[in-house]
Amino acid sequence: MSSNPQLARPNGAPTAASVSAGDDTWDEAKYEASLKHLHELHLQATAELFPALQQSMASGVKDVKDFKESMTSRETNKIIQRAAQSRQKNPLGIKPWRPKDDPNWTQMDLD
């Protein structure tokens, strides 16, 4: 094992030995102040992260709903039916599509 106390934990968090090594005069008031600081830090992180999580979830739900509506739209159904008819007429003449043949396939702008 390593003799460096910083490496003693996998996440790189300092151990109790490394924290108290610099200042051995921690009294009850210092511990209370430290706990208060950590509690405020926890509340601050929660207050900032929860609204961001809510917004992200709402955005994700909307994206899925929009995609589902697009996939079940009349226009999409007509395109898929046309492709099925074409496949029935000429099942062996369909050229396979490969992403490497169309490097811009991820771009939304088809103009």
What single numbered condition from (1) basic (Lys, Arg); (2) outside any helix (DSSP H, G or I); (3) surrounded by 10 or more Cβ atoms within 10 Å (Cβ to Cβ) fails to hold for Lys95?
-> (3)
Can you tell me which residue among Lys30, Lys65 is in a helix (DSSP H, G or I) and more than 21 Å from the chain's Cα centre (by Cα)?
-> Lys30
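Where a number appears in this text, it was derived from the coordinates with a stated rule and is not lab data. This one's a predicted model, so the numbers in the text were calculated from it and none came from an experiment. Heads up, the Cβs are rebuilt from the backbone with ideal geometry, glycines too, and the neighbour counts pull from every protein chain shown.
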